[in-house]
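What follows is a single structure, written as structure tokens, with notes after it.
The values are calculated or read from the model by the stated rules, or taken from the named source; none is laboratory data. Predicted model only: the values in this text are computed from it and were never measured. Because the Cβ atoms are built from the backbone with ideal geometry, glycine has one as well, and the counts that use them run over all protein chains shown.
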Amino acid sequence: MESFRYFPFFEKKVVEGENYFSSTLDFEKLGLGSFITCSGNENSLWFGTGDGYIYEVGLRDGLLSIIESWKAYDITVFDIKYSQNTLITIGMDENNMWKLKLYDCLDGNILSSRLENYQEVPIYKELGERGITVFETCSDNQFVGLGTVDDFGVFILYGDFFGVDTYSSHFIELSEPCTGIHFISSNTKEEYYIMISTKNSIISYEIGVNTKFPKLIYSDTMGGARLNCSSILNSWTDDISQVRDVLVVFREEGLFCYHPVNGNCSALPTNHGNPIILSTFKNYLVLVSSPLNISSEYYSNNSREQIETVNTTLCDVTICNYLPELRCICYTGEFKNVSHIVKGLNMLFVLCSGNNVLSGSTSITNTNMINKFDHTILERKQGIQSNILLPNSSSNTNHTGNTNNSTNNSYITHTNITMPNLLFHLEELNLFERIQILISKNLYDWALILAKNGNVSNSIYSQIQRAYGDWLCNIRKDYSGALNSYLNCLDSFSGDTSHVIHNFLQANRFDEAITYLKECVLIFRRKESTKNAINLTNSEDSRFPIAKDHITLLYRLFAQLDRLEDIMDFLQNRNLNEEIDNYEVETAIDMCRNYNKFEMAGNIAERFQFHDKYMQIQLEDRRSPSEALEYLEDINLDEPQKLSLILKYGPILINKIQKQTTKFIKNLVIENNMPIDVFLPIFVNHDHLLLEMAWDVLNNEGKKLQIELEDIEKISVELCIHILQVSLRQEPKSEIWG
């Protein structure tokens, strides 16, 4: 793992009485070396001792304190698990009888009043005098797994553990001691998978909720796991149809992941020597290893002093993020005699104990079986060797444990060599400090993933996106990547957008600037259509700084780059209120006219029926009155609208193209039986054209040889007088009025 990036996400702190515990109840006085198991949740920590006591530790006034302690077992506590407001313990009572004891927790804590109301489940029928290597419970407490020593195998217990003798059991036979049991549920919760590890193999079984009978899925003999060197990774895969959790194994060669159905699915080489502990904490893997390759013969062939030296050697503790997209080392440190990784109170602790050096001889159940244990079992974190197979008779506490002797069994050890005991708190930096570390190294993509997994607010996430875009644009010159980053935060960003546009324009990246502006305009459309400020998805009181200037700039860029098709496509997406439509179309036309893109402006005006704009373009910009007149002839408008356009632009047209304009008006009057009076304003200073048009209208363009009285009656008196006045001034046309 040397090639992985390193980020100091954790800080090491020593848990001391002055800082964490009350002066009378600190861990040093309890004797950390006597703790052989531990567990925790978000509210409490629980420690089990070799003489049968359980201690509950919690926070009081911000300090760690012993909340509760009680004698749970007569001889020893073997293991503690917490699941669904239930504390499940296993240990040995009088007469060397194994028992499960279940305590009902309220809000994650055990109340004093509930200590006597625990549920006791004797399991001596299954275990008898067998030793236990591993204890595990299912997440919903339906199943319990027990690895046995004397006849290698695993007992699977299932049923109602809150009722005595209401459970059933099944024994899975193995060829060597079990070193790990893990339960994985399918997404449907209809079946569970039991992942069993030994020194040399990984075995997967499927067990149905209804059938309760284990079915072998596969047995991988390419490698196994040492005791305490396997754990479950949650949500490792994206397979939502089956199983998302996998088993991870810590071996000398590296880390190996096993899917309960598909088997070995990935491997990651590491540079660690001798695996001791593998644990998980949030999205982290916690690896404890020793640089020494200790064999099982070491314990039998060396003196007590040499064993003591080994047991006080430094252990490497490494914390790494196991998410594939954030794979990195987050902490490395050296500790002496790491015995437990303690997780609880949303914190991570390392328990270092020196009370595992034996100074006397002990007999155990079936003494021949110890020869079958290799170093993987002997290296258990002070569990099997020093406290279960060879348990401790002294815990350095005021409690006195009961001991029981039998002719076949002895669970008593002689005096241990006491060494300093320490509890370390590996404090995780807060989310913003971790994000800042990544940003300081320009790892914005990692910072975004970390922020997303941390469920930060949209505004904070968008600020990281914005900074990422700035870095890509200004430093890496990756304008496409910068654009994507800017767009990803656009909906929730509350800052100024001008510098984003400036970055692209300064680098002559017009395509990126246009794409960004288009998104801005789309947001502006939604804003104007609702007539309210844009509501961010996180409901923060923020205002999106987009206005009509963005629209103007967008169409200015379209016009400069001759992007007629882009303008058409973008304008055709208008489906909101008319006010927005009109403003955008007018802006697009005006920008095209400003940059002398008259043909483009005319096409836009014609396409979106902005008739005034089209007439202005043809008459003022292109100086093409013929096309303007043709447009008037072809447009299909209501009579009032069309008449308004003719009266507005008719005087201009008749000054430029007299004959065509006069003919157009004449045809309009004849075909639509319209009065000539309406068009008098067009013929100001053009009396002869008015006279010719009136004559053609009255004689139906020469189809009548003379004008009758009834024809004169078709025009108003005022117009008739006006025509007579005009005819008197005309030569020789005036003769027709004689």
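Of Leu653, Leu629, all but one fail to be in contact with a Pro (Cβ under 9 Å, 6 or more places away or on another chain), buried (at least 17 other Cβ atoms within 10 Å of the Cβ) and free of Cβ contacts under 8 Å to residues at least 60 places away in the same chain; the exception is Leu653. Determine if region 261-273 includes at least one residue that is in the same structural domain as Glu176 (by TED's automatic domain parsing), part of a loop (DSSP other than H, G, I, E, B) and touching a Lys or Arg at 6+ places or on another chain (Cβ under 7 Å). No: zero hits. For region 148-168, residues that are surrounded by 16 or more Cβ atoms within 10 Å (Cβ to Cβ), out of contact with any Pro (no Cβ under 9 Å at 6 or more places or on another chain) and either at pLDDT below 90 or among the charged types (D, E, K, R) (or both) total 6.
Evaluation of Gln84 against the conditions (1) surrounded by fewer than 23 Cβ atoms within 10 Å (Cβ to Cβ); (2) in contact with a strand residue (DSSP E or B) (Cβ under 7 Å, 6 or more places away or on another chain); (3) at pLDDT 80 or above shows that the sole unmet condition is (2).
For region 230-253, which residues satisfy the criterion of being among the small types (Gly, Ala, Ser) and either within 17 Å of the chain's Cα centre (by Cα) or modelled with pLDDT under 90 (or both)?
Across region 230-253, the qualifying residues are Ser235, Ser241.
Go through region 325-349 and give me each residue that's assigned to a helix (DSSP H, G or I) and crowded, with 17+ Cβ neighbours inside 10 Å. Hit for region 325-349 is Leu326, nothing else.
Identification of helices (runs of 4 or more DSSP H) wholly contained in region 618-731 with 1 or more residues that are modelled with pLDDT under 85 and of a type outside the set (Asp, Glu) yields 658-672, 687-698, 709-712, 717-728.
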